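Step one of this worksheet: look at the structure below.
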Amino acid sequence: MSNCANSGIETVGVLTQYRPLELHTYLGTGEAWNLDRKNGGVYILPPYAREKGADWYKGTADAIYQNINFINKANPDYVLILSGDHIYTMDYAKMIEAHKMNKAEATIGVIKVPMKEASRFGIMSTDKEGRITKFAEKPAKPESNLASMGIYIFKWKLIRQYLIDDGNDPESEHDFGKNIIPRMLEDGRKMYAYSFDGYWRDVGTIDSLWEANMELIDIIPIFNLYEEFWKIYTNNSIIPPQYISKEAVIDRSIIGDGAEIYGEIHNCVIGAGVVVGQGCVIRDSIIMQDVTIGNDCVIDKAIIAENVKVGDNVTLGIGNEAPNKLRSDIYNSGLVTIGENSVIPEGVQIGKNTAISGVTSSEDYIDGVLASGETLIKAGDRV
């Protein structure tokens with residue numbers, strides 16, 4: 001959203017899917033990004049509702065396909081498509097200008113990644129002019145290290161027909177990387193790579209989310225939240241400033257507004273309205289908004305979601321690392337993850353690589369301990 005506002009893009013559609021209420025509330029009218037306007041502005045676009053109910057977006061291409069009418073109303077020459085789980089700053093106006101200069105039918109933002117990680121991404125090969133010659137989605141043996149950033153510019157009238165054709169193909173996975181891009185290459189379309197050499201992180205996994213937050217608290221952060229000439233905007237609630245008690249100890253941490261800190265905080269990102277009790281020691285953790293942590297707790301390398309209540313004398317992250325039995329995305333990361341609105345009773349000890357969700361009681365834990373690698377999911381809850 002900030003990149004769009006700073007790049008002069010005035011009509012933005014945000015495609016939402018699962019449990020989107022918090023995101024809708026956060027975006028509001030788009031005022032924080034100067035996108036509350038009559039001509040253009042920000043639009044929330046949930047899956048299309050039909051007589052038999054809403055169809056979930058089946059893939060990235062299907063998400064755009066379901067919103068063709070919205071884009072048609074704007075009648076653009078070009079459409080810019082962005083992923084929502086990446087962190088970076090980019091002037092899209094420069095990318096659009098390169099697209100025009102190349103007389104391209106499609107332009108894809110790319111970044112060089114280590115070859116050992118290339119198999120995680122859509123990988124492109126290009127000629128010396130930057131025209132894309134090959135594309136492989138998460139190849140086992142990548143031929144290059146030019147990874148797709150999930151940033152696409154298309155000629156609208158052209159991509160619209162590809163989306164319609166793809167939407168009518170029952171064999172398609174309705175994905176840009178798996179279906180649309182390969183078909184355009186097969187058809188000999190003019191497709192160019194736009195190289196980017198700044199900070200970029202894909203935060204689509206638990207590990208990568210934790211790593212990106214830890215990078216924010218480096219002494220000299222790679223990604224600067226406070227850049228004067230390329231501001232990152234946000235929709236902040238009007239809440240009191242932080243309260244830091246005389247006994248508190250804080251180093252290399254970000255503390256949100258309205259937080260109350262009575263214990264020790266080391267290398268953490270602490271959200272707005274968080275309360276940390278006396279005698280607590282919290283390290284290498286992300287504590288999200290409106291979490292309450294009791295007294296004398298020890299928390300090591302955890303991600304705690306919104307509105308969690310943690311009782312007194314709780315220990316998170318004890319013992320050795322072990323693979324989580326249900327969550328491959330936190331395999332051997334050592335992280336403890338606590339889902340939103342969860343309640344952790346007093347005196348409980350929870351091991352590394354553990355996921356918790358829901359309101360729990362002491363009886364849910366064997367002798368007050370949940371061993372490393374276990375997952376506790378209460379009925380009706382999702383992790």
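The table below lists the values:
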| read-out | value |
| --- | --- |
| Residues of region 261-294 classified as out of contact with any strand residue (DSSP E or B) (no Cβ under 7 Å at 6 or more places or on another chain) and hydroxyl-bearing (Ser, Thr, Tyr), total | 0 |
| Filter result for residue 105 (open to solvent by 20 Å² or more (accessible area, probe 1.4 Å) and either among the hydroxyl-bearing types (Ser, Thr, Tyr) or at pLDDT 95 or above (or both)) | yes |
| Residue that is farthest from the chain's Cα centre (by Cα) [pool: residues in region 1-36 that are closer than 17 Å to residue 152 by Cβ and open to solvent by 50 Å² or more (accessible area, probe 1.4 Å)] | 11 |
| Extreme residue, nearest to residue 233 (Cα to Cα), among residues of region 63-102 that are part of a strand (DSSP E or B) and open to solvent by less than 40 Å² (accessible area, probe 1.4 Å) | 88 |
| Any hit, region 133-151, residues being open to solvent by less than 10 Å² (accessible area, probe 1.4 Å) and over 21 Å from the mean Cα position of the chain (by Cα) | no |
| Residues of region 262-280 classified as open to solvent by less than 30 Å² (accessible area, probe 1.4 Å) and assigned to a strand (DSSP E or B), total | 4 |
| Matching residues in region 210-229 - criterion: being open to solvent by 50 Å² or more (accessible area, probe 1.4 Å) and either touching a strand residue (DSSP E or B) at 6+ places or on another chain (Cβ under 6 Å) or in contact (Cβ under 8 Å) with a residue 40 or more places away in the chain (or both) | 227 |
| Residue among 136, 140 that alone is assigned to a loop (DSSP other than H, G, I, E, B), free of Cβ contacts under 8 Å to residues at least 60 places away in the same chain and out of contact with any Leu (no Cβ under 9 Å at 6 or more places or on another chain) | 140 |
| The lone exception for residue 184 - which of (1) more than 17 Å from residue 297 (Cβ to Cβ); (2) modelled with pLDDT of 95 or more; (3) in a loop (DSSP other than H, G, I, E, B) it fails | (3) |
| Test for residue 257: is it of a type in the set (Asp, Glu) and more than 23 Å from residue 2 (Cβ to Cβ) | no |
| Residue within region 348-361 that is at pLDDT 70 or above, under 16 Å from residue 210 (Cβ atoms), of a type in the set (D, E, K, R) and open to solvent by less than 40 Å² (accessible area, probe 1.4 Å) present | yes |
| Residue within region 289-309 that is part of a strand (DSSP E or B) and among the polar types (S, T, N, Q) present | yes |
| Checklist (1) open to solvent by 10 Å² or more (accessible area, probe 1.4 Å); (2) at pLDDT 95 or above; (3) outside any loop (DSSP other than H, G, I, E, B) applied to residue 312, failing item | (3) |
| Tally, over region 196-247, of residues that are part of a loop (DSSP other than H, G, I, E, B) and of a type in the set (Lys, Arg) | 2 |
| Region 59-116, residues that are in contact with a Phe, Trp or Tyr (Cβ under 9 Å, 6 or more places away or on another chain), among the β-branched types (Val, Ile, Thr) and more than 17 Å from residue 192 (Cβ to Cβ) | 60, 64, 71, 87, 89, 113 |
| From the options 83, 125, residue that is over 24 Å from the mean Cα position of the chain (by Cα) and either under 16 Å from residue 14 (Cα atoms) or modelled with pLDDT of 90 or more (or both) | 125 |
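One line per residue, one yes/no per condition, for (1) outside any helix (DSSP H, G or I); (2) among the β-branched types (Val, Ile, Thr); (3) touching a residue at least 40 places away in the same chain (Cβ under 8 Å):
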{"residue": "37", "(1), (2), (3)": "yes, no, no"}
{"residue": "61", "(1), (2), (3)": "no, no, yes"}
{"residue": "119", "(1), (2), (3)": "no, no, no"}
{"residue": "124", "(1), (2), (3)": "yes, no, yes"}
{"residue": "149", "(1), (2), (3)": "yes, no, yes"}
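The values are calculated or read from the model by the stated rules, or taken from the named source; none is laboratory data. Keep in mind that this is a model prediction, so the values were computed, not measured. A quick note on method: Cβ atoms are made from the backbone with ideal geometry, for glycine too, and the neighbour counts reach across all protein chains shown. Areas reflect the complete protein model, heavy atoms only, side chains present, ligands, DNA and RNA absent. Shrake-Rupley method; radii C 1.70, N 1.55, O 1.52, S 1.80 Å.
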